Amino acid sequence: MAAPILLTGVTGGLGAKILHDMLHIHKYPAANIIATSRSEDNRNRFESQGLQFRVADYARPETLHAAFEGVRDLLFMSSSERDTPTRNGEHSNVVKAAKAAGVKMVWYVSLALGGFGNHSKVGFMQAHYETEQMLKHSGLDFISLRAGSYADAFPLFLNWYPSSTAVLMPNIQPPVDEGKAAWTSRDEIGEGMATLLVKGLSSFPSIKPQTESNIILLSGPTAVSPSALLEAINRGLGTNVQMKYLDPEPWIEVQAAVDEGGKGAAWFEARLVWLQGLADGDAEVVDPALETLLGRRPEDGPTTVEELLKAAPNGLYYWHQNHVSPRK
Ligand SMILES: NC(=O)c1ccc[n+]([C@@H]2O[C@H](COP(=O)([O-])OP(=O)(O)OC[C@H]3O[C@@H](n4cnc5c(N)ncnc54)[C@H](OP(=O)(O)O)[C@@H]3O)[C@@H](O)[C@H]2O)c1
């Protein structure tokens, strides 16, 4: 049997789609895939599908050393940890364990803020840049798969809930609505990543990893403004939610006081940095790599948003990261 490929993140939305497509679209042998989770409780759900299972917790290096033994390819899903130094520490554990175990190839799932550059000031992007540097200095072969901003996460980006009658944005310069983003369907990112893992980069000669960080950028086909997403919400639900503006300080205060998800001022302060990045063009880069992997034009952000809402029972679409106590 060939050396196995190890997938982290398979209990989450993106990793589950990658695993699904590897098994059911590409018919990749289940016995050659090692599924992982931080929790031993997930063993049965993967072993019952004929997959191998190992516990891998980025915060516990001993689990990583055991999990990575004999692994050829490692799909390294970025941690859900929000604190940048803690996240960097966890990612450093992964890189060191992969190096020690002699992993042949690391596919790091990163985020496309800053396009192919490293200039985004958004807090959680800093751990992605740092991790690319760790991978480069480790001497491991690696690719950084910078994933486009999920169209599916529009409730997070707009701070929208099914009960919203308005979407509040801060008055900044340039205006938020001039910030276009190449929103990308999470399922299509997963589909593209599964195809790449199974077929290998050499099957796609037009996709050339860029910069010293070996970046492949997986984006939607066009960059659109936040109001294009809001229009898609209104089309999907038949509502007339409008975008309203407040100056940054009152915007933080008002949002933190009334947020349905219980997020506090610190969260909105960080979101202000993200919105400034959006306005400055952090998420605007469109690249053809995802179209090449899918063999068709990816969905644009508004189409994904409208379809998700039309499919949601009674229009009740939630995104777990909009809530302080994550909604599953
Ligand atoms: N592109 C975007 O717009 C965007 C938006 C939101 C998030 N993201 C990033 O993309 C990643 C995947 O997205 P998703 O939607 O699939 O997230 P998700 O549904 O929240 O799933 C996160 C997955 O990562 C695993 N994980 C998290 N922290 C870990 C740790 N410390 N050690 C080991 N495994 C860990 C979890 O495994 P267990 O719980 O089973 O251990 C889970 O399977 C997220 O982790 C986040 O970094 C990207």
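The values are calculated or read from the model by the stated rules, or taken from the named source; none is laboratory data. Everything numeric here is computed off the predicted structure, so don't read it as measured data. Each accessible area value is taken on the protein alone, full model and side chains, heavy atoms only, with ligands, DNA and RNA left out. Shrake-Rupley method; radii C 1.70, N 1.55, O 1.52, S 1.80 Å.
Numbers below:
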read-out	value
Hz values of 3J(HN,Hα) by residue in the range 276-292 - Karplus curve (6.51, -1.76, 1.60), Gly and Pro given as x	5, x, 4, 4, 7, x, 3, 10, 8, 6, 10, 9, x, 4, 5, 4, 4
Nonlocal amide H pairs with Gln210, under 5 Å, H built at 1.01 Å	Ile215, Ile216
16 Å Cα-Cα reach of Lys27 towards aspartates and glutamates, excluding residues that sit fewer than 8 places from it in its own chain	Glu191
Accessible area per residue in Å² at 1.4 Å probe, computed on the chain	42 Å²
5 angstrom amide H check on Met243, placed H, neighbours 5+ away	Val167
Top of Val55, Val258, Val224 by mean-square fluctuation, Gaussian network on the chain, Cα under 10 Å	Val258
Structure-based [θ]222 nm, the chain - -39500 (n - 2.57) summed over DSSP H runs of at least 4, per residue, nearest 500	-12000 deg cm²/dmol
Normalised contact order of the chain, rounded percent, pairs of Cα under 8 Å and 6 or more residues apart	19 percent
Span per principal axis, largest first, for the Cα atoms of the chain (Å)	58, 41, 36
Karplus-derived HN-Hα couplings along the range 307-320 (A = 6.51, B = -1.76, C = 1.60, θ = phi - 60°), whole Hz, x at Gly and Pro	5, 4, 6, 5, 7, 6, x, 6, x, 8, 9, 10, 10, 4
Candidates Pro226, Pro175, Pro313, ranked by Gaussian network fluctuation over the chain, Cα under 10 Å, top entry	Pro313
Apportionment of accessible area to carbon and sulfur, the range 1-99, percent (1.4 Å)	50 percent
Long pairs among Lys99/Lys208; Lys96/Lys208; Lys180/Lys310; Lys121/Lys180; Lys180/Lys208; Lys17/Lys199, criterion Cα-Cα beyond 20 Å	Lys99/Lys208; Lys96/Lys208; Lys180/Lys310; Lys180/Lys208
Candidates Ala181, Ala153, Ala228, ranked by Gaussian network fluctuation over the chain, Cα under 10 Å, top entry	Ala228
Backbone HN-Hα couplings from phi across the range 61-67 [Karplus 6.51/-1.76/1.60, Hz, Gly and Pro as x]	x, 4, 5, 6, 4, 6, 5
